[in-house]
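The values are calculated or read from the model by the stated rules, or taken from the named source; none is laboratory data. In this text, all values refer to a predicted model and were calculated from it rather than measured experimentally. Cβ atoms come from the backbone with ideal geometry, glycine included; neighbour counts cover every protein chain shown.
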Amino acid sequence: MVLENGPRWILPPKVAHGHEVVSIVVGSSSPKTFAIHKNLVVAASTFFDAALNGSFKEGRDQKITLPEDDSEAFQVFYDWLYTGKISTEDSTHTSSLYPDHFWLKVYRMADRLMIKGLQVIAYERFQTILPATAPILPSKEFIIDLFEDSEGTSPIALEMYVVSHVAYHIKKTSVDGWAPFELQDKWTQFLRVNERLGMEIAVRLATGGSCHPADSPSFPEEGGLGITQLRKDARMLSGQDSSTVSAGKSAPKLGKNEATPTLI
């Protein structure tokens, strides 16, 4: 199953692909090389635009190496660029990560590489993974990576989302201030995963917690994500809000040592 052209869906940039193809090497232990039309990738990413059109080595070689990024997360970007679609089934991707942890990596990559459309998609994926309709607990790995991030790459809004999501469901499933017996142990174990997380949830429960962040259109703006502007800019690039040049041909053929794209 795929997410595709709904009224709010963000399409990739609508540009003529042209004939220039660049190489992007992603990952460190088992790097994969992606061949991508230059016009397409620079239209989607301010980072790639500056790197490939600048006077530095990357611009001269038309090749960029991203050892700190996850090749499976980059595959999501690649698929979206060429198909305009992303699978709703995280098992489509071969990552061993839990869905919330996988999409955290996608969001961080999109944020660092300044891919506005993918930032919006990743945030909205969090809204479906941790919804208002079910008391789903985030994975331990996701929480540790998000709340114990020593490099400061975790968006405050995502931390706030997790805190508000858990507080909302604790309050919603509680009777006279107590969660049902079958949920008490789960909540207790979860709150012990990270001390700061537990404290912030306690504060949230004491001061509110009656509204789920997925139901609040202003929530990402309050957390500094700027989703409204990101969405507007991405839709302009895709031609959904203005007329732009038509897209050209399909993905370029890859060499024998290059990653085969998984098209959904």
(request) Tell me which of these LYS63 doesn't satisfy, since it passes every other one: (1) of a type outside the set (Gly, Ala, Ser); (2) in contact with a helix residue (DSSP H, G or I) (Cβ under 8 Å, 6 or more places away or on another chain); (3) surrounded by fewer than 20 Cβ atoms within 10 Å (Cβ to Cβ). (result) (2)
(message) Please list, ordered by residue number, the helices (runs of 4 or more DSSP H) wholly in segment 22-85 having 2 or more residues that are closer than 23 Å to GLU124 by Cα, of a type outside the set (A, V, I, L, M) and touching a strand residue (DSSP E or B) at 6+ places or on another chain (Cβ under 6 Å).
(response) 71-83
(request) Could you grab me the full set of residues in segment 184-201 that are in a helix (DSSP H, G or I) and either at pLDDT 90 or above or buried (at least 16 other Cβ atoms within 10 Å of the Cβ) (or both)? (result) TRP187, PHE190, LEU191, GLU195, ARG196, LEU197, GLY198, MET199, GLU200, ILE201
(message) Just to be sure I understand, how many residues within segment 205-214 are exposed (fewer than 12 other Cβ atoms within 10 Å of the Cβ) and not small (Gly, Ala, Ser)?
(response) 1
(message) Just to be sure I understand, how many residues within segment 107-125 are in a helix (DSSP H, G or I) and touching a Phe, Trp or Tyr at 6+ places or on another chain (Cβ under 8 Å)?
(response) 11
(message) Considering only segment 218-235, I want to know if a residue exists there that is surrounded by fewer than 17 Cβ atoms within 10 Å (Cβ to Cβ) and of a type in the set (Lys, Arg).
(response) yes
(request) Output the number of residues of segment 41-59 satisfying the condition of being surrounded by 14 or more Cβ atoms within 10 Å (Cβ to Cβ), over 15 Å from ARG112 (Cβ atoms) and out of contact with any helix residue (DSSP H, G or I) (no Cβ under 8 Å at 6 or more places or on another chain). (result) 0
(request) Looking at (1) surrounded by fewer than 16 Cβ atoms within 10 Å (Cβ to Cβ); (2) within 24 Å of the chain's Cα centre (by Cα), find the lone condition where GLY18 falls short. (result) (2)
(request) Within segment 126-183, count every residue that is outside any helix (DSSP H, G or I), modelled with pLDDT under 80 and farther than 23 Å from MET109 by Cβ. (result) 7
